[in-house]
Each structure stands twice: as structure tokens, then as C-alpha cells.
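Let me begin by presenting the structure, written as C-alpha cells, before commenting on it.
What follows is calculated from the coordinates using simple rules that are stated; it is not laboratory data. Treat the numbers as computed from the prediction; the structure is a model and nothing was measured. Ideal geometry is used to build each Cβ from the backbone, glycine not excepted, and the neighbour counts take in all protein chains shown.
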Amino acid sequence: AVAFVFAVKQPLADLLRTHHAAAPAALRAVDTWVDQMGMYALDAFQRSREQIIARQQRELLELSTPVISLWEGVLALPLIGTLDSVRAQVVMESLLDRIAATHVHTAIIDITGVPTVDTMVAQHLMKTIAAARLMGADCILSGIRPQIAQTIVHLGVNLAGVVTKATLADAFLHATGTAAD
């Protein structure tokens, strides 16, 4: 649309010069008007693209935080990739929405696919666990690799009262009550 508007500019000016012997002021006015129309079309195109990008980002965030029903009363939230503030908020909202909708008693948050845990990520995880508890669901934090465990200890994150398991399989066993605790 933008290219079309600007493509009309020269032929329109030529037409005015040839058939109407337009004064320079009229040609400038038409030139300005076509430029404004082109800028309007460009602005509308850009806004449309930004809306599409924002929608796609929201959809990707939702897809990147799947809350999976394992069996009655138990959900799993496998996290993969880097957690930033926005994604951590989506994680919390997704989990809490599913807890409210399904009345589960246990939620497994698996961080096997999270490459690093820093203070912010640890705080978000603890806030998510606390919020889930307020809604009546216990959380199991699984997928804690040795380097993540060291980082959590060095950060001084208090995991007292949080069930932690090294693997997702161990968390499944604990959730079913078949683990040798």
C-alpha cells in the first residue's frame, strides 16, 4: 500500500502539469498530500505488524509454559529455556489458573530445561510455589542439577518446606506416594 501511494506521486504531478498547467503551489500541495497519505499508510502498516508481533509473542509465551495434567489431582509444569520477569509471570498465571480450574492437590515444577537459576528466577519460583500453596496445592520442585543446587545454596534461597527432587521421575514417584521418602 505504501509503495502504491508513493508510485502515484510522479504520474499525478505529470498529469496536473500537462492537463491543467497547475501552479507550483498546487503541485506542492498535491505533493505534500501524497506524502502524508504515504506516511499514514506506512504508520498503519507498522502498527499492524507490531500488533501481530505482540500477539505472536503472547502465544509463544503461552506455548512455552505448558501445564500438563498427569493424573487426577496432579499437574506438571516443565520449564525449558531462560526465565525472565515476563515469562515467570506467565508461568505463575498459567499454573494458578489450572490449579483453580482443576482443583489439584499437587503441582510439579520441573526446571530440568532451565539453564541457569539466578536470584530473580529463584524468587519467581518461590513466589509461584507460595501462591500455589495459598490455593491449596503442594508443589514439588524437580530437575535440580548439581550446578543449580550450588547456585541456589550460594544465593541463600530458603527452600524449607518445599519438596525438591533431582529428577522428574522422582517427583512423579513422590506425587503418587510410592517414593521411599
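Pop the C-beta distance of A54 and A169 into the FRET formula with R0 = 35 Å and round what comes out to the nearest 0.05.
For A54 and A169, the calculated efficiency is 0.40.
Could you give the semi-axes, largest first, of the ellipsoid that matches segment 27-125, computed as the square roots of 5 times the alpha carbon gyration tensor eigenvalues and rounded to whole Å? Display every interim value, and only then the final one.
Details: eigenvalues 409, 50, 18 Å².
Value: 45, 16, 9 Å, ordered largest first.
Quick check: the distance between the Cα centres of segment 136-181 and segment 65-134, to the nearest angstrom?
What the calculation gives is 13 Å, centre to centre.
With only alpha-carbon atoms in the gyration tensor, what are the semi-axes of the equivalent ellipsoid for segment 100-181, in Å, largest first?
Numbers: eigenvalues 85, 52, 22 Å².
Equivalent ellipsoid semi-axes, largest first: 21, 16, 11 Å.
Residue separation times 0.36 nm, minus the C-alpha to C-alpha distance between A131 and T119: what's the value?
Details: separation 12, 0.36 × 12 = 4.32 nm, distance 1.82 nm.
In short, 2.5 nm is gained.
Between I80 and Q10, take the C-beta separation as r, use R0 = 41 Å, and let me know the FRET efficiency to the nearest 0.05. Show your work: numbers first, answer last.
On the way: r = 53 Å, r/R0 = 1.30.
The formula returns an efficiency of 0.15 here.
Determine, for each peptide in 31-39, 71-79, the mean count of other beta carbons within 10 angstrom over its residues, then list the peptides with the highest first.
Working: 31-39: 14.2, 71-79: 17.4.
Ranked from most to least packed, the peptides come out as 71-79, 31-39.
For log10 I(q)/I(0) by the Debye sum over Cα atoms at q = 0.08, 0.15 Å⁻¹, several values are listed as [x] -0.39, -1.03; [y] -0.44, -0.86; [z] -0.35, -0.91; flag the one computed from this structure.
Here the calculated entry is [y].
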